[in-house]
Amino acid sequence: MTSFDPASLVQVWPLPTAPRPIVIIGAGGIVNDAHLPAYALAGFPVAGIFDRDVGRAKALAEQWGVPFLRTLDEAVAVRDAVFDLATPPAAHLEIMRRLPKGATVLIQKPMGRDLDEATAILKLARERQFNAAVNFQLRFSPMMLAVRDALARGLLGRLVDVEMHLNLVTPWHLFPFLKGMSRVEIAVHSIHYLDLIRAMLGNPVGIHARTLGHPGNELAQTRTSAILDFGGDIRCTLSINHDHDFGRKFQDATFRFEGDQGAASVKLGLLLNYPEGEPDELWITAARGAAADWQQVPLAGGWFPHAFAGVMSNLQRFAAGEDETLVTSVEDAWHTMALVEAAFRSAAEPATPVPKQP
């Protein structure tokens with residue numbers, strides 16, 4: 001049995017030495033719930049908030065005691081800023097075209113509405129020499145940083161089985177921009193899990209997926225089943241149901257990582273009774289069979305808001321030359337968008353017919 005100290009696992013991304021001011025473009029609920037709390041915790045200066053809904057931007061700025069920016073021109077003119085695009089995917093490309101050459105920008109996921117828009121964003125970032133990352137912040141949550149550190153230390157051995165299981169009620173009314181969108185569940189929710197799986201296992205060779213709505217929900221899709229093909233002996237699945245409206249007892253939000261030597265189980269507490277949530281949990285064992293000794297890892301924070309400080313720290317440190325790798329760069333994020341595209345294409349294809357009895 002491998003011995004380890006659960007408290008020693010790395011859970012925090014280092015802060016930049018000289019934080020740059022952040023201009024937030026967009027004043028939706030996620031900014032109030034995650035962006036601004038994270039930046040306050042990290043001590044990041046916020047140079048201002050802009051939203052085309054002037055009243056909403058002004059109210060949020062006053063609530064948090066940060067400057068209010070009246071126009072997009074005023075926002076993009078802030079010197080040496082990091083531009084935080086907390087905007088719907090349809091708005092990303094238009095706003096990025098207004099940013100100065102060489103800008104540092106964090107783009108809210110998804111990276112456009114589809115792979116074509118993601119490709120256009122990638123090309124624009126290359127042409128304008130942006131330091132551009134996508135806000136796939138689940139990678140930077142304390143629980144997932146700890147899992148990555150456990151993998152790097154060899155505590156789990158080689159990953160052979162990864163499963164995401166979600167069965168709960170999501171308050172979609174908090175995201176009114178989703179109404180009328182043709183691509184919802186995979187594009188704005190399970191995209192987090194697909195991106196995280198890519199971070200752990202690399203790019204799959206293919207995906208089988210089915211995504212659909214629910215008779216009690218007006219959104220295009222709220223339930224997804226998917227199998228990712230990594231070849232060899234790796235099994236990877238997602239079972240996602242946002243419509244389990246039967247009380248808390250059997251609701252669940254669990255990521256399980258099994259290696260050939262150990263395993264980790266993660267409770268994504270935020271998703272249970274979102275946005276108030278419950279505490280996240282991480283349990284790890286570095287042994288198999290009767291020798292398995294599950295230990296709970298004390299977590300240094302939650303997905304919200306702590307992960308948002310991590311992704312911003314990596315971007316700022318990369319722009320300053322302090323980090324060698326921009327973890328969620330547009331170059332890397334494009335592959336997550338390609339996986340999302342493949343999932344939707346798979347869902348549109350008919351299933352393999354079951355042979356009929358002769």
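Here are the numbers for this structure:
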{"read-out": "From phi via Karplus (6.51, -1.76, 1.60), per-residue ³J(HN,Hα) for the range 9-19 in Hz, x at Gly/Pro", "value": "5, 5, 10, 10, 7, x, 7, x, 5, 10, x"}
{"read-out": "The range 1-148 - convex hull of alpha carbons, volume per residue in Å³", "value": "139"}
{"read-out": "The chain: angle of helix 191-201 to the longest principal axis, Cα-based, in degrees nearest 10", "value": "60"}
{"read-out": "Antiparallel DSSP beta bridges within the chain, as percent of all bridges there, nearest 5", "value": "60"}
{"read-out": "Neighbourhood charge, 11 Å Cβ-Cβ cut-off, centred on Ala18 and excluding it, Lys, Arg +1 and Asp, Glu -1", "value": "0"}
{"read-out": "Interchain or long-range residues, amide H under 5 Å from Val82's placed H", "value": "Ile22, Val23"}
{"read-out": "Vicinal HN-Hα couplings computed from phi for the range 316-328 (Karplus, 6.51 cos²θ - 1.76 cosθ + 1.60; Hz; Gly/Pro x)", "value": "5, 5, 5, 4, 8, x, 8, 10, 6, 10, 8, 4, 10"}
{"read-out": "Cα convex hull volume per residue for the range 229-281 (Å³)", "value": "102"}
{"read-out": "Unit charges on C-beta of K, R, D, E only; dipole of the chain, Debye", "value": "500"}
{"read-out": "Centre separation in Å (Cα based) which lies between the range 222-241 and the range 99-151", "value": "23"}
{"read-out": "Dipole moment magnitude, nearest 20 debye, the range 129-180 about Cα centre, only Lys, Arg, Asp, Glu C-beta charged", "value": "120"}
{"read-out": "Most positive-pole-ward Cα, Asn135, Ala209, Leu72, against dipole of the chain from beta carbon charges", "value": "Leu72"}
{"read-out": "Residue of Gln137, Gln63, Gln11 that the Gaussian network model of the chain assigns the largest fluctuation, springs spanning Cα pairs under 10 Å", "value": "Gln63"}
{"read-out": "Relative contact order computed over the chain (Cα-Cα under 8 Å; 6+ residues apart), in percent", "value": "22"}
{"read-out": "Fluctuation leader among Trp303, Trp64, Trp13 - the chain, Gaussian network, Cα springs under 10 angstrom", "value": "Trp64"}
{"read-out": "Zero-based 20 Å bins, Cα pair distances in the chain, whole percents", "value": "29, 59, 12, 0"}
{"read-out": "Phi-based couplings in Hz for the range 254-267 (Karplus 6.51, -1.76, 1.60; Gly and Pro marked x)", "value": "10, 10, 10, 10, 10, x, 7, 10, x, 8, 9, 10, 10, 9"}
{"read-out": "Charge sum, other residues only, whose C-beta stays under 9 Å from Arg223's C-beta, Lys/Arg counted +1 and Asp/Glu -1", "value": "-1"}
{"read-out": "Sequence-distant residues sharing a close amide H with Asp243 (under 5 Å, placed H)", "value": "Leu168"}
{"read-out": "Centre separation in Å (Cα based) which lies between the range 280-352 and the range 174-207", "value": "12"}
{"read-out": "Accessible area in square angstrom per residue, the chain, 1.4 angstrom probe", "value": "45"}
{"read-out": "Gyration tensor (alpha-carbon) shape descriptor, the range 61-154, a/c threshold 1.5", "value": "oblate"}
{"read-out": "Anisotropy class of the range 171-288 from Cα gyration tensor, a/c 1.5 cut", "value": "oblate"}
{"read-out": "Structure-based [θ]222 nm, the chain - -39500 (n - 2.57) summed over DSSP H runs of at least 4, per residue, nearest 500", "value": "-8500 deg cm²/dmol"}
{"read-out": "Overall form of the range 77-214 per C-alpha gyration tensor (a/c, 1.5; a/b vs b/c)", "value": "oblate"}
{"read-out": "Local electrostatic count at Asp195 - Lys and Arg +1, Asp and Glu -1, tallied over other residues with Cβ under 12 Å", "value": "+2"}
{"read-out": "Magnitude of the charge dipole, the range 37-175, Cβ model with Lys/Arg +1 and Asp/Glu -1, debye to 20", "value": "300"}
{"read-out": "The chain, accessible surface, carbon-and-sulfur percent (1.4 angstrom probe)", "value": "52"}
{"read-out": "Charge dipole (the chain, unit charges on Cβ, about Cα centre) - positive-most of Phe318, Pro100, Ile191", "value": "Pro100"}
{"read-out": "Entries in Lys101/Lys267; Lys58/Lys109; Lys58/Lys179; Lys123/Lys267 that, when Cα-Cα distance is taken, lie over 30 Å", "value": "Lys101/Lys267; Lys123/Lys267"}
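The values are calculated or read from the model by the stated rules, or taken from the named source; none is laboratory data. Everything numeric in this text was worked out from a predicted model, so none of it was measured. Counting neighbours? That spans all protein chains shown, and the Cβs are built from the backbone with ideal geometry, glycine included. Quick note on the areas: whole protein, heavy atoms, side chains included, nothing else; ligands and nucleic acids left out. Shrake-Rupley method; radii C 1.70, N 1.55, O 1.52, S 1.80 Å.
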